[in-house]
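Values in this text are rule-based calculations from the coordinates and carry no lab data. Predicted model only: the values in this text are computed from it and were never measured. Cβ coordinates were reconstructed from backbone atoms using ideal geometry, including for glycine residues, and neighbour counts include every protein chain displayed.
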Amino acid sequence: MWRSLGLALALCLLPMGGTESQGQSSLCKQPPAWNIGDHDPMLYSSGSVTVVALLQIIHFIYFFPKYFRLEDLRVQLEKEGYSNISYVVVNHQGISSRLKYIHLKNKVSEHISVYQQEEHQTDVWTLLNGDKDDFLIYDRCGRLVYHIGLPYSFLTFPYVEEAIKIAYCEKKCGNCSLMVFFSIIFSGRKEEIF
């Protein structure tokens with residue numbers, strides 16, 4: 001119990017949600033519109049907690065363990081009953097990252113969507129005010145709940161996991177109309193809508 005309370009307190013005290021560049025004013029708001037080619041990853045995540053990871057391949061040996069830890073986290077949360085969470089990875093737009101994209105895609109679970117930015121499109125990382133290894137956690141209504149940057153975003157630390165759990169269980173950004181809908185489906189009780 002004390003560990004959970006300590007982690008929740010630490011998440012609340014993180015400056016700007018864990019990253020220096022992320023302004024407090026952008027929390028609990030819809031993200032700017034972004035897409036990869038003709039695909040809008042946030043459009044398909046409506047109704048679920050969404051984890052967006054901004055990751056860059058530097059070296060194969062260094063980089064792939066991050067994806068394995070992300071998959072481990074996904075499996076662990078699912079075993080604990082946290083279902084209906086979307087995981088999205090946006091690869092860096094740089095040439096070296098684009099060249100390694102196919103290898104990356106082959107190493108990642110089919111439960112984690114990996115997107116490669118096109119060379120001449122607006123940089124998604126810039127639109128999201130993000131940097132390498134940032135994690136952006138969105139609630140079911142698509143509002144940004146946490147923007148966690150280094151060093152807090154290392155998956156060996158509990159911050160990303162706890163942020164996902166808070167977005168999943170609490171109403172940090174206020175009521176979400178989709179939460180009422182899911183409560184009705186899972187409980188079968190119509191009186192919850194009134």
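Placing a label point 7 Å from the Cα of Glu161 along the Cα-to-Cβ line, the residues of the range 77-94 whose backbone N sits under 12 Å from it are 77-80. Highest mean packing comes first when the peptides 162-175, 95-108 are listed by Cβ atoms within 10 Å, giving 162-175, 95-108.
Between Cys176 and Ile102, what length in nm is gained on full extension when 0.36 nm per residue of separation is reduced by their alpha carbon distance?
Working: separation 74, 0.36 × 74 = 26.64 nm, distance 3.70 nm.
Result: 22.9 nm gained on full extension.
Listed cross-link partners Lys79/Lys171; Lys29/Lys171; Lys79/Lys132; Lys100/Lys132; Lys79/Lys165 are compared with a 20 Å cut-off, the Cα-Cα value being larger for Lys79/Lys171; Lys79/Lys132. Note on the range 61-168: dipole from Cβ charges, positive end direction compared against Ile137, Pro151, Ser97; the farthest Cα belongs to Ser97.
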